[in-house]
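Derivation of every value follows stated rules applied to the coordinates shown; laboratory data play no part. Computed from a predicted model, the values in this text were never measured in an experiment. Don't worry about glycine lacking a Cβ; one is built from the backbone with ideal geometry, like all the others, and counts go over all protein chains shown.
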Amino acid sequence: MGMKVVRSPDEMQALALRESLNGASIGFAPTMGYLHEGHLTLARRAREENDIAAVSIYVNPSQFVPGEDLDRYPRDEARDLERLEREGIDWVYIPTDAEIYGTGFSTFIEPPPAARGWCGDSRPGHFRGVCTIIAILLNTVRPARMYVGQKDAQQAAVIRQLIESLRFPAELAVCPTVREPDGLAMSSRNAYLSAEDRAAALSLSGALMDGLRAFRRGERDTQALLREGLARIGNTPGTRLDYMGVADHNTFEPVASASAGDTILGAMFVGETRLIDNMILTESE
Ligand code: AMP
């Protein structure tokens, strides 16, 4: 069976219903395309752990805040399809804005508590758009398992609460962040970075590593954990910090004192480009 590209939501849902009623398990990785190794690790796990592997490519307008990069978000459908075919993906779902939102769409989901703070503050309305599109995609693709990346840690926490509270019958798997050899977290938005920006962008993963190393030396006070990294970013020309902090393992609320399993996370502008990254605090590697 070759790879099937499905563009119609009705067709996607009918196909998914038919296969799941036949007893096939569907593994699903939602993406905004311009695929990199991070996306492909999700796709591979979907393929390995399920009868059918599905990937969606959809740049969801409702999760972009006015003034953000919706209009210039990088796209390359032909290359994405090539990569997914090489990975043995069964279904690629590529809907259009008109098909998803039509005219007069207004059924938005009020996000769960994990959406408060962090990116929820910097990008008002972002997680409302994320929750809404994830609900639509879950109802269309009907996966037994959905694969998301640790790279977007708050999004993963939000989706976990969304799935639990609305009782979507899908298991959530969070896959480790894939990085470039120098530590930069892979992101479609890295395509925006000039050579100079690219060098400055390293200060974000560097700052989180500073915090992680301090944690492993026994530091628990959040302000102390952040100090070295904040200075690193402050000393890197061309960068502007959005936020950096430590989020609780369960609630994703900021903590004053860190525990193993909590997430140290940050968001930073390099020129116009907004980057996010995070690391889970663990005692040892
Ligand atoms: P995006 O296309 O940016 O919306 O990302 C689609 C999915 O891929 C999300 O679940 C992301 O968390 C995940 N993802 C993005 N970058 C990475 C990465 N570097 N490592 C692992 N997963 C990633």
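A few points about this structure:
- At R0 = 41 Å, FRET efficiency that the Cβ-Cβ distance of R75 and E164 yields, to 0.05: 0.80
- Annotation: the residues H126, H39, H249, sorted from fewest to most other C-beta atoms within 10 Å of their own C-beta, follow the order H249, H126, H39.
- Under 5 Å, built H, 5+ apart or other chain: amide partners of A53: G27, D90, W91
- Difference of contour (0.36 nm per residue) and Cα-Cα distance, F105 to E285: 60.1 nm
- When +1 charges are put on Lys and Arg Cβ atoms and -1 charges on Asp and Glu Cβ atoms, the dipole computed for region 20-127 relative to its Cα centre reaches about 200 debye.
- Comparing P181, A114, T222 along the charge dipole axis of the chain, the residue lying farthest to the positive side is T222, per the Cβ-charge model.
- When DSSP beta bridges are restricted to pairs lying wholly in the chain, around 50% turn out antiparallel.
- Ranked list, fewest to most other Cβ atoms within 10 Å of each Cβ, for V246, V55, V92: V92, V246, V55
- Applying the Karplus relation 6.51 cos²θ - 1.76 cosθ + 1.60 with θ = phi - 60° to region 180-193 yields 3J(HN,Hα) values of 5, x, 8, x, 4, 5, 5, 7, 4, 6, 4, 4, 6, 7 Hz, where x marks Gly and Pro.
- Counted by neighbouring Cβ atoms within 10 Å, the residues D197, D277 run from fewest to most as D197, D277.
- Magnitude of the charge dipole, region 104-217, Cβ model with Lys/Arg +1 and Asp/Glu -1, debye to 20: 280 debye
- Within a Gaussian network of the chain (alpha carbon springs, distance under 10 Å), most fluctuating of A157, A54, A191: A191
- Angle in degrees between helix 37-49 and the longest Cα principal axis of the chain, rounded to the nearest 10: 50 degrees
- Cut-off under 5 Å, modelled amide H: who pairs with E253 long-range: D248
- Dipole-positive endmost among Q154, V92, A247 within the chain (Cβ charges, Cα centre): A247
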